[in-house]
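Encoded as C-alpha cells, the structure appears first; notes follow it.
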Amino acid sequence: MVKKEAPQPWAVKIVGHGEEPVKGILFNPHNWRVHPRLQKEALRGAIREVGFIRSVTVNTVTGHLLDGHLRVLLADEEGQETVPVEYVELTEAEELEALA
C-alpha cells in the first residue's frame with residue numbers, strides 16, 4: 001500500500017490591506033491584458049451602480065499593480081482619489097508568474 005503524504009499548506013503572500021492614492025499606483029509594465037471598450041464600460045456601469053467591491057492588488061516588493069489595472073484606470077477617469085488595496089509580498093519572478 002502506498003502511503004499518501006499530507007498536503008503541504010499553501011503559502012499565504014497577503015501581507016495587508018489599505019487604501020492608496022489612485023495617482024500613486026504603479027501600473028505593471030509586464031501586464032499584457034487589454035480590456036475592450038465594452039468591458040470597460042460594463043465595469044464602469046457596475047461600479048457606479050453597485051460600488052467598488054473588489055480591492056486591487058499591489059506587490060510591496062516592486063510597488064507594481066498585479067491585479068486591477070482597469071479598476072484603477074476607471075477610478076482615475078472618474079476622479080476618485082483612492083482605491084482599496086490588498087498588499088502581497090512576491091519576488092520579481094513570482095510577480096511575473098502571477099501576471100501570467
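Brief remarks on what is shown
- Among the conditions (1) modelled with pLDDT of 95 or more; (2) open to solvent by 60 Å² or more (accessible area, probe 1.4 Å); (3) of a type outside the set (Phe, Trp, Tyr), Glu97 misses just one, which is (1).
- Matching residues in the stretch 32-48 - criterion: being exposed (fewer than 10 other Cβ atoms within 10 Å of the Cβ) and either touching a residue at least 40 places away in the same chain (Cβ under 8 Å) or outside any helix (DSSP H, G or I) (or both): Trp32, Arg33, Val34, Pro36
- Within the stretch 49-61, being without any contact (Cβ under 8 Å) to a residue 12 or more places away in the chain and surrounded by 11 or more Cβ atoms within 10 Å (Cβ to Cβ) holds for no residue.
- Only listed residue being loosely packed, with under 13 Cβ neighbours inside 10 Å, touching a residue at least 24 places away in the same chain (Cβ under 8 Å) and within 25 Å of Ala93 (Cα to Cα), chosen from Ile14, Ile25: Ile14
- Given (1) outside any strand (DSSP E or B); (2) at pLDDT 95 or above; (3) loosely packed, with under 15 Cβ neighbours inside 10 Å, number of the condition Glu5 does not satisfy: (2)
- Unmet requirement for Leu74, which otherwise passes all of (1) open to solvent by 20 Å² or more (accessible area, probe 1.4 Å); (2) more than 30 Å from Ala11 (Cβ to Cβ); (3) in a helix (DSSP H, G or I): (1)
- Complete set of residues in the stretch 62-71 that are open to solvent by 30 Å² or more (accessible area, probe 1.4 Å) and either at pLDDT below 95 or touching a strand residue (DSSP E or B) at 6+ places or on another chain (Cβ under 6 Å) (or both): His64, Asp67, Arg71
The values are calculated or read from the model by the stated rules, or taken from the named source; none is laboratory data. In this text, all values refer to a predicted model and were calculated from it rather than measured experimentally. Methodologically, a virtual Cβ is constructed for each residue, glycine included, from the backbone with ideal geometry; neighbour enumeration extends over all protein chains shown. Side chains included, ligands, DNA and RNA excluded: accessible areas come from the protein's heavy atoms. Shrake-Rupley method; radii C 1.70, N 1.55, O 1.52, S 1.80 Å.
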